[in-house]
Each structure stands twice: as structure tokens, then as C-alpha cells.
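The values are calculated or read from the model by the stated rules, or taken from the named source; none is laboratory data. Please read these numbers as outputs of a predicted model, since none were measured by experiment. Using ideal geometry, Cβ is built from the backbone for each residue, glycine included, and neighbour counts are taken over all protein chains shown.
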Amino acid sequence: MGRIAEWALDWFDRSGVKPSGRRIDDPITLLQRSFAALAGIIAVLSNPAVSVLAPHLNANAVVVLRALIAFATLVAVNYVVTAKDVIHQTAGFKVQTLRTYRFSTTERLIARGVVAIALLIFALNLVPDAGPSRNCELTATLDWQPDGSARPMFLSLAAADHTDRYGTEQGQPIAMQLRSVRPTVFSIVLEWSDGSRSDFGAFSGCSAVADRRSKDGRAKVHLVVR
């Protein structure tokens with residue numbers, strides 16, 4: 001227990017041990033160590049990384065492998081944070097014994113950052129999922145002003161890389177379905193018989209919209225969620 005208590009003081013810099021005199025003069029070395037630390041986090045927390053290491057393991061074996069990687073990473077990080085050297089300094093006839101950290105302050109900060117980031121990612125993984133995506137059922141009602149001989153033909157509903165077209169009739173509700181998309185962002189366009197288009201712009205979320213007018217001012221749409 002005494003060793004664990006000493007490590008705890010080292011992690012919070014409350015042990016009274018002098019900082020190391022080492023300095024990292026090469027920024028490339030610092031970057032390499034930072035990326036190595038992040039690679040350890042990814043190996044512990046990401047399914048793709050574990051799958052590359054052991055593609056044929058079952059779920060229980062993956063948990064064991066992940067625990068082993070986490071343990072090895074924690075041991076390495078703890079060593080960087082807590083390792084110490086004993087230095088003997090002579091001043092006249094007096095010999096003074098000092099304990100200093102083996103690794104520089106920057107290296108110890110990087111090591112502690114590894115643990116902090118890992119804990120943050122782990123906490124985020126505990127946040128429950130919003131649930132499976134579901135279709136957004138909408139009913140659209142159109143109103144438009146006559147524009148010479150042109151008349152509305154189709155109402156286009158576009159989301160992601162998919163577009164659905166529905167026949168139009170003034171004042172009659174149009175049942176539309178927005179397929180499972182998260183986040184729900186879609187656009188609505190009214191297509192006229194002369195090839196022109198009335199764009200109602202982008203909509204966000206599966207929610208009712210009252211009387212939005214198209215950008216050209218020729219039509220307006222009212223949306224209701226079924």
C-alpha cells in the first residue's frame with residue numbers, strides 16, 4: 001500500500017521529489033512520443049485496432065486482449081510518471097542525496113495526458129446511444145400562385161444521396177417518408193412543368209414547419225409530422 005500511496009503522490013506532483021533536469025530539445029522526438037501514446041489509446045479503445053491485431057477472436061477473447069493492452073499501457077505510463085533516480089551531490093565535505101524524477105516534466109505530462117484522454121473516451125463510450133435511426137414520416141401541403149401556363153408537377157424530397165419525387169395537387173396533403181438519416185437534414189424542391197424549380201431550402205430535424213415560402217416566392221409548403 002505504501003508504494004501505491006507514493007505513486008499517487010507522484011501522479012499529483014505532491015511527493016516532494018525534484019523535477020528531472022532532462023530536456024527534450026528535439027520537437028520531432030516529442031511528437032513521436034505523443035503519437036505513440038495516442039496509438040496506445042486507440043489500440044485499447046477501438047474495435048478496428050483490435051480486429052487488426054486479432055481478427056478471429058470471439059467477444060470474450062477481445063475483452064481479455066483489450067484488458068491486457070490496457071494493463072501494459074498503464075504500466076508503461078506509470079513508469080514514466082513515477083520512475084526516480086538517486087543523485088549524490090558533494091558540497092565541500094558534505095554529501096547530499098537527492099531523489100529526482102527520471103523523465104522530464106514534459107514526458108511525464110504526456111504520460112498523464114494519455115490516461116486523461118483514455119478516461120474521457122471511456123466515459124464517452126458509456127453514454128447511451130440515441131437509439132436506432134427511424135424513418136421520418138411527413139405530410140406536406142402545398143399552396144402556389146399561378147405562373148402563366150406552368151403548373152407544379154412534382155415535389156422532390158432529398159436527403160443525403162437519395163431523392164424521392166411525389167405528385168402534387170394544390171391543397172391536397174402529400175404523404176412523404178424521409179428514410180433513416182441521422183442527423184435528419186433534407187431539402188424540398190417543387191418542380192414545375194416548364195422545367196423551373198422552386199427551392200424551399202434546407203430543413204433540419206424531423207419536425208413540423210409552418211408555411212415556408214420558396215426562394216422564388218411562387219409557392220409555400222406546410223409540413224406536419226405523422
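Odds and ends about this structure:
- Any hit, the stretch 70-83, residues being modelled with pLDDT under 80, more than 23 Å from residue 2 (Cα to Cα) and surrounded by 11 or more Cβ atoms within 10 Å (Cβ to Cβ): yes
- Residue check, residue 188 among the β-branched types (Val, Ile, Thr), within 35 Å of the chain's Cα centre (by Cα) and at pLDDT 85 or above: yes
- Annotation: of all residues in the stretch 142-185 being part of a strand (DSSP E or B) and among the polar types (S, T, N, Q), the one that is modelled with the highest pLDDT is 156.
- In the stretch 139-157, of all residues being of a type in the set (A, V, I, L, M) and surrounded by 16 or more Cβ atoms within 10 Å (Cβ to Cβ), the one that is farthest from residue 196 (Cα to Cα) corresponds to 140.
- The set of residues in the stretch 187-196 that are part of a strand (DSSP E or B) and in contact (Cβ under 8 Å) with a residue 40 or more places away in the chain comprises 188, 190, 192.
- Taking first residues from the stretch 107-134 that are within 13 Å of residue 74 (Cβ to Cβ) and partners that are at pLDDT 75 or above and not in a helix (DSSP H, G or I), no Cβ contact under 7 Å between residues at least 6 apart in sequence or on separate chains turns up.
- Test: residue 93 is at pLDDT 75 or above and among the aromatic types (Phe, Trp, Tyr): no
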